[in-house]
Amino acid sequence: MASPAPAPLKDAVGGLDRDGFVALLSKLIGESARLQNDPPIHKPQEDLVAEHVVDALRPVSTETGGGPLVVRKVSYAEGRSNVIVEYTGTVPGRVVSFVGMHMDVVPANPSEWDFDPFSLTFDSEDNDKLQGRGTTDCLGHVALVAQLMRRLGEVKPPLKHSVIAVFIANEENSSVTGIGVDGLVKDGLLDKLKTGPLFWIDTADKQPCIGTGGMIPWHLKATGKLFHSGLAHKAINSMEMNMEALKEIQKRFYTDFPPHEKEKVYKFATPSTMKPTKWSYPGGGLNQIPGECTISGDIRLTPFYSSSDVVEKLKGYVEDINERLETVLDTRGPVSKYVLPDENLRGRLEISFDGDVMNGVACNLESQGFKALCKATEEIVGHVEPYSITGSLPLIRELQDEGFDVQTAGYGLLKTYHAKNEYCLFSDMAQGFQVFVSIIAQLEEEA
C-alpha cells in the first residue's frame with residue numbers, strides 16, 4: 001500500500017510559536033548590553049547570541065542525533081562568532097538561504113529610554129509589542145529565523161531545496177573587517193548559496209526592499225588667513241570660502257549625477273543627494289576671522305551610479321576650484337577675497353573621505369527569489385509594495401558583486417530602527433515566519 005502523501009509544507013510547519021520565540025528573544029535581548037558595536041567603547045561579543053542560537057537548535061541537530069540540522073559556528077575573532085545552519089535537501093544545487101540576521105546592535109543609553117533597553121519587556125497596554133534594543137534590528141530576526149530552522153528540524157519535511165540560515169557578526173560597524181559575512185564569503189563558506197535566492201533579513205515594515213543607497217562620508221576643509229575682523233581686507237575668510245565652495249561643488253554634483261530614469265522603476269523616494277551635516281573649526285573669538293574650518297556631510301547615491309566615480313569627480317571639482325579661486329567662487333561683500341596677491345597667499349580647499357564608502361544595491365526584479373518574495377508577501381501580509389530608500393545597508397552589494405541573488409526583507413519597524421525605545425510587533429514577526437515558509441513552498445513547487 002502506497003504511503004500517504006506528505007502534508008503541504010505550510011500545514012506541516014504551521015505558524016510561529018509565540019512561547020518559543022519570546023523565550024529565545026528574551027535571552028538575546030538580555031545579552032544586548034554586551035552586543036553594542038561602537039569600538040573602542042563597545043566591542044560586541046556575538047558569541048553570547050551564537051550560543052543561545054546553537055542551544056535552541058541542538059535538540060534537532062546532527063550533533064545530538066535528534067534531528068537533521070547541521071549547525072556550525074565560525075569565528076574570526078575571539079568572542080565573535082557567526083553561525084551557519086543547514087537543513088539539507090535531496091537535490092544538490094537547489095538552495096534557498098536566509099542571511100544577514102546580525103547578532104550585534106547599536107548602542108543604547110538607558111537614561112534616554114522609557115524602559116530598560118537591555119531586557120525584553122512588554123507594553124502594559126499592548127501584548128503584541130516586544131520592547132528592547134535589537135527587537136527590530138536585528139535580534140528579533142535572529143530569533144525568528146532560528147525558530148524557522150528549529151521547526152524544519154522538528155517536522156523534517158521532504159524538501160528538494162536545502163534551506164540555509166546564516167547568522168552573522170559585525171554588521172553595525174565597518175571599522176573592523178573580515179570577521180562577519182565578508183570573512184565567510186572570502187573563505188568560500190557561502191559559495192553554495194549562489195545557486196539559489198539569498199534573502200537578506202535586516203530591513204523593516206514587511207515589504208520587499210528592492211533598492212538601497214550608497215554612502216560617501218566627506219570632509220571639505222578650507223584654509224584661509226586668520227585676522228582681526230575689523231581688518232577684513234587682510235584676511236581670507238575660510239568660512240565664506242568653504243560655503244561658496246560647497247555651493248559650487250553641490251551644483252556640479254547634481255549636474256553630473258542627476259535623477260536616474262531607473263529610480264522611478266525602483267520607487268526610490270529621493271534621487272542621489274549631497275548635503276552638509278556638520279561644521280567644525282578650531283575656535284576663536286567673535287572678532288577673529290577664522291583661518292580654517294571644515295564642513296562635513298555625506299552623499300547618498302542611488303545604485304545606478306558608482307561611488308568610486310563620484311569620489312574621483314569630487315576630487316576633480318576641488319582641484320579645479322583651487323586653481324581658479326578668483327573666477328569660480330563668489331565673494332561676499334566689497335573686501336571679501338580668497339587670494340591676497342601682495343602676500344602671495346591663496347586660500348586652499350581639501351576634500352577627504354572616510355573609509356566606509358559603499359555602493360548601493362538594486363535587486364534583480366526578474367529573479368525567482370524576488371517573484372517568490374512578492375507572491376508570499378501579498379499572500380500573507382495582504383498587499384505587496386516594494387520600495388527603495390537611499391539609506392545604506394553594508395555588505396550586501398559585495399554579496400551581489402560576488403554573484404549572489406540578493407533580495408532583502410524584514411519584519412521589524414522602520415520607525416524604531418536605531419531609535420530610542422526600540423520595539424517590534426510579534427504579529428509582524430509571525431507574518432514574516434509565514435512569508436519564509438511560503439517562499440520555500442513556492443520554490444519546491446517550481447523545482
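Things worth noting here:
- Between region 322-363 and region 1-71, the Cα center-to-center distance that results, in Å: 53 Å
- Region 258-334, relative contact order in percent, only Cα pairs under 8 angstrom and at least six apart counted: 25 percent
- For the pair residue 91 and residue 383, label points projected 7 Å from Cα toward Cβ lie 3.5 nm apart.
- Carbon/sulfur fraction of accessible area - the chain, other protein chains in place, 1.4 Å, %: 51 percent
- Packing here is the average count of other Cβ atoms within 10 Å per residue, and on that basis the peptides 353-364, 62-73, highest first, run 353-364, 62-73.
- Between residue 286 and residue 371, the simple spin-label model (points 7 angstrom out along Cα→Cβ) gives 6.9 nm.
- With protein chains left intact and a 1.4 Å probe, residues in region 1-145 average 44 Å² of accessible area per residue.
- Counting only aspartates and glutamates at least 8 places from residue 275 when in the same chain, those with an alpha carbon closer than 18 Å to its own are 240, 244, 248, 256, 298, 309, 312, 350, 354, 356.
- Contact order normalised by residue count of the chain, Cα under 8 Å, 6+ apart, percent: 22 percent
- Most fluctuating residue given options 398, 31, 112, as computed from a GNM of the chain linking Cα atoms under 10 Å: 112
- In this simple spin-label model, placing a label point 7 Å from the Cα along the Cα-to-Cβ direction at both residue 364 and residue 116 gives a separation of 4.7 nm.
- A viscosity of 1.567 mPa s and a temperature of 4 °C, combined with the Kirkwood radius over Cα pairs in Stokes-Einstein, give a translational diffusion coefficient for region 149-308 of 63 µm²/s.
- Taking region 314-374 and dividing mean pair separation by its residue count, relative contact order in percent (alpha carbons under 8 Å, at least six apart): 26 percent
- A Förster radius of 25 Å combined with the Cβ-Cβ distance from residue 312 to residue 401 puts the calculated FRET efficiency at roughly 0.85.
- Farthest toward positive dipole pole in the chain [+1 Lys/Arg, -1 Asp/Glu at C-beta], among 61, 365, 284: 284
- 27 Å Cα-Cα threshold exceeded, pairs from 186/221; 251/337; 10/264: 186/221; 10/264
- Listed by chain and number, the lysines whose C-alpha is less than 16 Å from the C-alpha of residue 415, apart from same-chain residues fewer than 8 away, are 129, 206.
- Our coupling estimate for region 288-304, obtained by passing each phi through the Karplus curve with A = 6.51, B = -1.76, C = 1.60 and θ = phi - 60°, is 10, 7, x, x, 7, 6, 9, 9, 10, x, 9, 10, 10, 10, 5, x, 8 Hz, Gly and Pro reported as x.
- Calculated FRET value between residue 254 and residue 343, using beta carbons and R₀ = 35 Å, to 0.05: 0.50
- Region 299-415: C-alpha gyration tensor shape, a/c 1.5 cut-off, then a/b vs b/c: prolate
- Accessible-area order (highest first, 1.4 angstrom probe) of the listed residues 121, 177: 177, 121
- Just checking the listed ones, 342, 38, 401: in the Gaussian network model of the chain with Cα springs under 10 Å, the one fluctuating most is 342.
- Shape annotation for the chain: C-alpha extents along the principal axes are 103, 46, 42 Å, from largest to smallest.
- Label-zone membership for region 244-286, site residue 226, 7 angstrom Cα→C-beta point, backbone N under 14 Å: 281-286
- Prolate/oblate/rounded label for region 92-133 (Cα gyration tensor, a/c 1.5): oblate
- Most mobile of 152, 246, 198 in a GNM of the chain (Cα contacts under 10 Å): 246
The values are calculated or read from the model by the stated rules, or taken from the named source; none is laboratory data. Remember, predicted model here, so these are calculated numbers, not experimental data. Cβ sites come from the backbone with ideal geometry, for glycine too, and all protein chains shown count toward neighbours. When the accessible area is computed, the model is the full protein with side chains, heavy atoms only, and any ligands, DNA or RNA have been set aside. Shrake-Rupley method; radii C 1.70, N 1.55, O 1.52, S 1.80 Å.
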